[in-house]
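First the structure, in the form of structure tokens, and then the observations on it.
The values are calculated or read from the model by the stated rules, or taken from the named source; none is laboratory data. Since we're looking at a predicted model, the values are computed, not measured. Every residue, glycine as well, gets a Cβ built from its backbone with ideal geometry; the counts of neighbours run over all protein chains shown.
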Amino acid sequence: MIIIHARMSVKPEKKEEFLQEIEAVMEGSRAEAGNNSYDLFQNPTDSNSFVMVESWKDMESVQAHNASSHFQKFSAAAKKMLSAPLEADVYQAEKLN
């Protein structure tokens, strides 16, 4: 299993647009084969900071996701909405129970 934490800092004036765009990518990503979960969390102390926590079956599923049209569309749009480059940590995990 692959787990990704993608941290995003959004320009305050682009936050509503970001939330609309991210909703579409979440819907598309959750429907992908190999996706276990795809959830957005807002930082409680910084309303313009978010983290997407993703869980995928394997790296092939991640690669297919990264090539998907909904993710590519979001990635292109995010460049004008984010105040800093997206930071992502990728983990390989094993469910213990």
Practice task
Would you check which residues across the range 1-40 are small (Gly, Ala, Ser), surrounded by 15 or more Cβ atoms within 10 Å (Cβ to Cβ) and closer than 17 Å to Lys73 by Cβ and list them?
Solution key: Ala6, Gly28, Ser29
Problem - Condition met for Ser75 (surrounded by 11 or more Cβ atoms within 10 Å (Cβ to Cβ), under 13 Å from the mean Cα position of the chain (by Cα) and at pLDDT 95 or above) - result: no
Exercise for the section: Would you mind telling me which numbered condition in (1) buried (at least 17 other Cβ atoms within 10 Å of the Cβ); (2) modelled with pLDDT of 95 or more Asn43 fails? Expected result: (1)
Problem - Within the range 39-86, considering residues that are of a type in the set (Lys, Arg) and out of contact with any helix residue (DSSP H, G or I) (no Cβ under 8 Å at 6 or more places or on another chain), the one nearest to Met1 (Cα to Cα) - result: Lys57
Problem - Which numbered condition Asp89 misses (of (1) acidic (Asp, Glu); (2) in contact with a helix residue (DSSP H, G or I) (Cβ under 8 Å, 6 or more places away or on another chain); (3) loosely packed, with under 11 Cβ neighbours inside 10 Å) - result: (2)
Exercise for the section: Enumerate the pairs (first residue in the range 4-21 and over 14 Å from Ala84 (Cα atoms); second residue anywhere and hydroxyl-bearing (Ser, Thr, Tyr) and surrounded by 15 or more Cβ atoms within 10 Å (Cβ to Cβ)) with beta-carbon separation below 9 Å, excluding pairs fewer than 6 apart on the same chain, so at least 6 apart or on different chains. Expected result: Ile4/Ser55
Practice task
State whether the residues of the range 57-69 include one that is without any contact (Cβ under 8 Å) to a residue 60 or more places away in the chain and in contact with a Leu (Cβ under 8 Å, 6 or more places away or on another chain).
Solution key: no
